[in-house]
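The values are calculated or read from the model by the stated rules, or taken from the named source; none is laboratory data. Quick caveat: nothing in here was measured; it's all calculated off a predicted structure. Neighbour counts run over all protein chains shown; Cβ positions are idealised from the backbone, glycine included. Areas reflect the complete protein model, heavy atoms only, side chains present, ligands, DNA and RNA absent. Shrake-Rupley method; radii C 1.70, N 1.55, O 1.52, S 1.80 Å.
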Amino acid sequence: MKRKLVTAIIAWFILLVPLRADAAGDAEPFSLELTYGEVAQAALDMQEQTAAAAVRTAGHNVRVDNRSDPDADGLIYKSEGSGVIMKVDEYQVYIATAAHCLKHANTFVEFADGTVHQAYMAYRNVDTDVGFLLVPCAGMEPQTFLSILPAAGADVDAIAKKSGDPVFAVSSSAGPNSLILPGFLDEASVVYPNNPEQNVIQFFSMASFGSSGGGLYSMEGVWLGNVSGGDTYGKCWAVPYGDIMREYQVWMAELAQQAAAWQENGQPEKETEAA
C-alpha cells in the first residue's frame with residue numbers, strides 16, 4: 001500500500017495505531033520493523049475476526065461524556081471518552097475509565113442499550129490515569145440492566161499472552177461499541193512515555209482520542225486494561241487490569257475510612273459507599 005493511503009487513514013482516525021503480525025500457527029516472532037502500509041493492511045485483514053470476537057464484550061463498554069458548567073460566556077467544554085463496566089450491585093454500576101477523560105464537573109454515561117444516565121466521579125488519580133464512575137441503579141429500566149455486563153479481567157501475563165498475539169480496543173466516544181479496533185500486543189509492561197514512574201501495556205491498533213478509557217481485550221474477550229494514550233506511528237498504551245484493580249482497592253479503603261469516620265461522628269453512611 002502507498003504512503004498516501006496511510007496518510008488518509010491517519011487523517012481519519014486522528015491517532016493511527018494499527019499493526020500486523022503474520023498468520024497464526026508457525027508465525028515468525030512479532031516484528032516492529034513494518035511499513036505504514038503493512039500496518040494499515042493488517043488492521044483491515046483483522047476486521048472480520050475482531051468484530052466476531054468483540055460481540056461478547058458489547059455489554060461491557062460505555063460512552064463517557066464529561067462536560068463543564070457554562071463559563072461566563074456560556075461556553076461548555078467537553079471531553080468525550082470510553083469506559084468499561086467493572087461491577088454492578090443493587091445500588092450502583094461501577095465504571096473504570098481514564099482519569100484524563102474526567103476533567104469537568106458533569107458526567108453522563110451511555111450504556112449499550114442507548115440509554116443515557118448521569119454518572120458521578122467517585123475516584124480520579126491523574127498519576128496513573130485511572131478514574132472510576134458510579135451510576136445509580138435507581139430508576140433504570142429493565143432493558144438497561146439486561147444490556148449491562150461487567151467485564152471479566154486479567155493481566156496479560158496471567159493468561160499467557162505474548163508479543164504478537166491479536167488484541168482489540170473498543171472506542172465508544174460516538175456511542176457504545178462504535179469502533180472496534182484490531183491490533184496486536186507488543187509488550188505486557190513498558191515504561192509509559194507519558195509517565196516514567198508508570199508501567200503500561202504497549203500494543204498496536206487503530207485508535208482515536210475518544211478511545212481513551214475504553215477497554216483493551218484479548219480475542220477471548222478478557223479485559224486486559226484501559227486505553228490511556230498513543231502516538232501517530234502505531235504505538236498505543238493501556239493501563240493494565242491489575243493496576244486498575246489496585247486503584248479500586250485504594251478507593252475502597254478510602255471509602256471504608258470515611259464510613260468509619262461518619263459512624264464515629266454519628267452520621268449515617270450513604271448508599272453510594274457500598275463496596
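For the reader, a short list of remarks on this structure follows.
- The set of residues in the range 40-66 that are farther than 20 Å from ILE148 by Cβ and open to solvent by 60 Å² or more (accessible area, probe 1.4 Å) comprises GLN41, LEU44, ASP45, GLN47, GLU48, GLN49, ALA52.
- The set of residues in the range 238-266 that are aliphatic (A, V, I, L, M) and part of a helix (DSSP H, G or I) comprises ILE244, MET245, VAL250, MET252, ALA253, LEU255, ALA256, ALA259, ALA260, ALA261.
- Per the conditions (1) open to solvent by 10 Å² or more (accessible area, probe 1.4 Å); (2) touching a strand residue (DSSP E or B) at 6+ places or on another chain (Cβ under 6 Å), the sole criterion not satisfied by GLY183 is (1).
- Test for ALA259: is it modelled with pLDDT under 95, open to solvent by 50 Å² or more (accessible area, probe 1.4 Å) and aliphatic (A, V, I, L, M): no
- Residues of the range 67-89 that are closer than 22 Å to GLY225 by Cα and either more than 15 Å from the chain's Cα centre (by Cα) or open to solvent by 50 Å² or more (accessible area, probe 1.4 Å) (or both): GLU80, LYS87, VAL88, ASP89.
- Enumeration of residues in the range 169-180 that are closer than 15 Å to THR97 by Cβ, open to solvent by less than 10 Å² (accessible area, probe 1.4 Å) and small (Gly, Ala, Ser): ALA169, SER171, SER172
- Among (1) closer than 17 Å to GLY213 by Cα; (2) part of a loop (DSSP other than H, G, I, E, B); (3) at pLDDT 75 or above, the one test that VAL17 misses: (3)
- Considering each residue of the range 124-143 in turn, at least one proves to be of a type in the set (Lys, Arg), farther than 23 Å from ALA51 by Cβ and touching a residue at least 24 places away in the same chain (Cβ under 8 Å).
- Some residue of the range 152-162 being among the charged types (D, E, K, R), at negative phi and out of contact with any strand residue (DSSP E or B) (no Cβ under 9 Å at 6 or more places or on another chain): no
Every residue, every condition in (1) touching a Leu at 6+ places or on another chain (Cβ under 6 Å); (2) at pLDDT below 95; (3) β-branched (Val, Ile, Thr), yes or no:
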| site | (1), (2), (3) |
| --- | --- |
| PHE204 | yes, yes, no |
| PHE209 | no, yes, no |
| GLY214 | no, no, no |
| THR232 | yes, yes, yes |
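- Wholly enclosed strands (runs of 3 or more DSSP E) of the range 90-161 bearing at least 1 residues open to solvent by 20 Å² or more (accessible area, probe 1.4 Å) and among the hydrophobic types (A, V, I, L, M, F, W, C): 106-110, 116-125
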